[in-house]
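The values are calculated or read from the model by the stated rules, or taken from the named source; none is laboratory data. These numbers were taken from a predicted model, which means no experiment stands behind them. Glycine gets a Cβ as well: all are built from the backbone with ideal geometry, and neighbour counts include every protein chain shown. To get the accessible areas, we keep the full protein, side chains included, count just its heavy atoms, and leave off ligands, DNA and RNA. Shrake-Rupley method; radii C 1.70, N 1.55, O 1.52, S 1.80 Å.
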Amino acid sequence: MIGRFAPSPTGPLHAGSLVAALASWLDVRACGPQARWLVRIEDADTERCHSGMGEAILQQLAACGLLPDEPPVWQTQRTAFYETALSQLQQAGLAYPCGCSRKDIDEALARRGVVHTRHGERVYPGTCRDGLHGKKARAWRFAATRFQGEADALTWTDRRLGPQQQDVAREVGDFVLRRADGPWAYQLAVVVDDAQQGITDVVRGQDLADNTARQVLLQRALGLPTPHYLHTPLVLGADGSKLSKQNGAAAIDTRSPEAAQAELSAAARVLGLHGDERGAWVAQWRSLYPSTR
Ligand code: GLU
């Protein structure tokens with residue numbers, strides 16, 4: 001059993017990301033001494049990352065006593081793996097270049113009379129599926145529509161949220177794997193890394209649950225195994241919205257061991273665990289979120 005915590009270095013660890021870190025750590029410790037907990041710094045989308053933030057996150061984790069069982073890996077050092085996966089998809093006819101700007105996509109959607117956005121994101125209308133139409137490539141897209149074919153919605157089971165489903169082709173469309181100017185998309189990098197690192201159990205924040213169907217589809221297209229998934233409860237800010245680095249959530253306080261312990265105990269309570277002691281949390285975790293293997 002191998003679990004992981006995969007923070008993006010876009011800001012320091014905050015109360016919400018500590019919940020995901022602690023949960024993935026507990027899930028591994030609950031599996032016994034052979035299980036391993038890995039940390040991967042997800043800096044593939046270089047534009048959103050801040051220099052020095054990966055190291056800062058590792059220090060925050062260490063201050064909380066969350067130490068990875070292997071040296072952390074950084075996505076920017078792993079681009080060869082992503083290149084290989086992209087060319088595998090290209091050769092299988094499952095990745096194609098796209099020359100559409102946001103404006104092109106909006107116009108194509110408007111022509112069809114569909115207001116086809118989802119969480120403010122555009123559902124790609126498939127304009128470049130049959131060629132670039134003389135445009136310059138801006139991105140590589142996964143041919144989700146072609147791969148999924150006439151299949152129904154993709155289904156998967158979350159260890160906490162239960163059965164889930166999403167018709168990726170219709171609800172998301174052909175999503176981006178890489179932008180032409182370089183950065184690798186989260187979806188491709190995370191699928192390649194989880195498989196290459198042998199991750200068997202993904203534990204992460206519930207805000208990411210919606211990406212899982214896309215990732216399962218990519219795993220199938222690449223012939224990779226699908227890990228077990230568990231999405232943890234989110235920490236809400238004072239205004240009721242999800243606490244995130246983007247809305248300036250405060251860094252956890254690790255200035256003293258007592259402060260770090262208080263942060264950990266708060267994270268444990270979000271997970272429905274009681275007390276202040278890790279050994280007790282591990283035991284509670286086992287009964288609250290039993291392994292499905
Ligand atoms: N890097 C992502 C984030 O910090 C998490 C990815 C994952 O756990 O799959 O939001």
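Ranking of 42, 47 by solvent-accessible surface, largest first: 47, 42 (1.4 Å probe, protein heavy atoms only, all chains present). Report note on the peptides 128-140, 10-22: ranked by the mean count of other C-beta atoms within 10 Å, highest first, their order is 10-22, 128-140. Taken about its Cα centre, the stretch 118-168 carries a charge dipole of about 400 debye when Lys and Arg each add +1 at the Cβ and Asp and Glu each add -1 at the Cβ. Close amide H partners of residue 74, meaning residues 5 or more places away or on another chain with modelled amide H under 5 Å apart, are 41.
Remark on residue 94: its backbone amide H falls under 5 Å from none of the residues 5 or more positions apart or on other chains, H modelled at 1.01 Å from N. Determine, from the Cβ-Cβ distance of residue 157 and residue 132 and an R0 of 35 Å, the FRET efficiency 1/(1 + (r/R0)^6), rounded to the nearest 0.05. The calculated FRET efficiency here is 0.35. Ranked by the mean number of other Cβ atoms within 10 Å per residue, highest first, peptides 250-260, 220-230 order as 220-230, 250-260. Remark on residue 14: its backbone amide H falls under 5 Å from those of 252, a criterion applied only to residues 5 or more positions apart or on other chains, H modelled at 1.01 Å from N.
Distance from the alpha carbon centroid of the stretch 249-293 to that of the stretch 136-191 works out to 32 angstrom. The charge dipole of the stretch 213-271, taken about its Cα centre with unit charges on the Cβ of Lys, Arg, Asp and Glu (plus for the first two, minus for the last two), comes to roughly 340 debye. Think of the stretch 141-205 as having a plus end and a minus end, set by charges on the Cβ of Lys, Arg, Asp and Glu; of 163, 189, 173, 189 sits farthest toward the positive end of this dipole. A Cβ-based charge dipole, computed about the Cα centre of the chain with Lys and Arg at +1 and Asp and Glu at -1, lands at about 620 debye. Using the Cβ-Cβ distance between residue 196 and residue 34 with R0 = 30 Å, the FRET efficiency computed as 1/(1 + (r/R0)^6) comes to roughly 0.90. Stretched out straight at 0.36 nm per residue, the stretch from residue 253 to residue 269 would grow longer than its current Cα-Cα span by 4.1 nm. In the stretch 19-156, taking the dipole from charged Cβ atoms about the Cα centre, the farthest positive-side position among 34, 23, 81 is held by 81. Take the Cα of residue 62, step 7 Å toward its Cβ, do the same at residue 111, and the gap between the two points is 5.6 nm. Given a 10 angstrom Cα cut-off, can you work out which residue in 165, 59, 34 is the most mobile in a GNM of the chain? Its mean-square fluctuation being the largest, the pick is 34. At full extension, residue 291 and residue 102 could sit 63.8 nm farther apart than now, given 0.36 nm per residue minus the alpha carbon distance. Note that the stretch 160-175 has calculated 3J(HN,Hα) couplings of 10, 8, x, x, 10, 8, 7, 8, 4, 4, 8, 8, 10, x, 6, 8 Hz, one per residue in order, obtained from phi through the Karplus relation 6.51 cos²θ - 1.76 cosθ + 1.60 (θ = phi - 60°); glycine and proline are x.
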